[in-house]
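Single-structure report; data block below.
The values are calculated or read from the model by the stated rules, or taken from the named source; none is laboratory data. Just so it is clear, the model here is predicted, and its values are computed rather than measured. As a convention, Cβ positions derive from the backbone with ideal geometry for all residues, glycine included, and neighbour counts pool all protein chains shown. All accessible areas refer to the heavy atoms of the entire protein, side chains included, with ligands and DNA or RNA removed. Shrake-Rupley method; radii C 1.70, N 1.55, O 1.52, S 1.80 Å.
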Amino acid sequence: MQVVGYESGEGFTVASGGAVEFVEATPGTELAFGLGDRRCAGTVHDGDHIACDAAEAPYCDAHRHVWVCARCTGTCLKDEMDCREEHAVYLAAFAPDVLKVGVTRLWRLETRLREQGADRAAHIRTYPDGRIAREVEAELAERDDLVDRVRVPTKLSGFGRDVDAAAWEALVGGFDPIERFAFDYGLDLADRPVAETMAAGTVRGWKGRVLVLDRGGSTYAVDARELVGYELTEEVPDRELQSSLGAFGG
């Protein structure tokens, strides 16, 4: 049984012999899987899994999907522009002090922010299509206090910490935002969890694509994408895991 996908806040798509099923991983769920070999996760087409034996994971070149819109700065990279619907430009804060500018379709705004695991956010502009919105995003990303991409390790370093409220307000105050957001993912973290790749423990919750598990008296943060491609086994390895207490220092 191979992990071939995930749904933030919900669980994992797994496949075996071409058949696809869903493994729930909502808060309170007990996961008890070991990790076997890892390879390309292949693809799911019309509800069936098409396996791939390539060693590259989570996807080989043949199955790696590149969303060209994510690279757009206003000049369309497709044969024909197809983003002719309202797009939102937003600001997002990731604890403690990482500030990001981004673009998404207006109707997906809150969903997109939760997918990223943003702690706070503000919708600052609406444009009639994605091209104009991407141009504005690219301009704002040139500021010293904004980035347009935040990696998972950077997000993990802020788990269990608060957003720098002064820096956030100083940024947002200059834009007269249309709407503000403050997200609570219900993790109730006293300490920052340890980054691990595993599929065993009690699900505490999710923050973006990061699955938070309690196991053996400690708390662990699992990048769900790092599980894609692994074979799940019924035998959970009894290996030494780093304790979460003070694991990241002060």
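Remarks
- Its Cα centre serving as origin, the chain has a Cβ charge dipole (Lys and Arg +1, Asp and Glu -1) of approximately 460 debye.
- Taking a point 7 Å from the Cα of D188 along the Cα-to-Cβ direction, the residues of segment 219-240 with backbone N closer than 16 Å to it are 219-220.
- Relative contact order of the chain, taken over Cα pairs closer than 8 Å and 6 or more residues apart, is 26 percent.
- Taken per residue, the accessible surface of segment 117-250 reaches 51 Å², heavy atoms only and a 1.4 Å probe.
- Label corresponding to Cα extents along the principal axes in Å when calculated from the structure given, among (1) 49, 41, 38; (2) 71, 40, 35; (3) 54, 48, 26: (3)
- Accessible surface of the chain, 1.4 Å probe, proportion on carbon and sulfur as whole %: 44
- Gaussian network model of the chain, springs between alpha carbon atoms under 10 Å - residue of A141, A199, A88 with greatest fluctuation: A141
- Stretchable slack from S16 to E235, in nm (0.36 nm times residue separation minus alpha-carbon distance): 77.1 nm
- Note on D214 and T126: the extension gain reaches 27.6 nm, defined as 0.36 nm multiplied by sequence separation minus the Cα-Cα distance.
- Fully extended contour minus Cα-Cα distance, from R161 to E139, at 0.36 nm per residue: 5.0 nm
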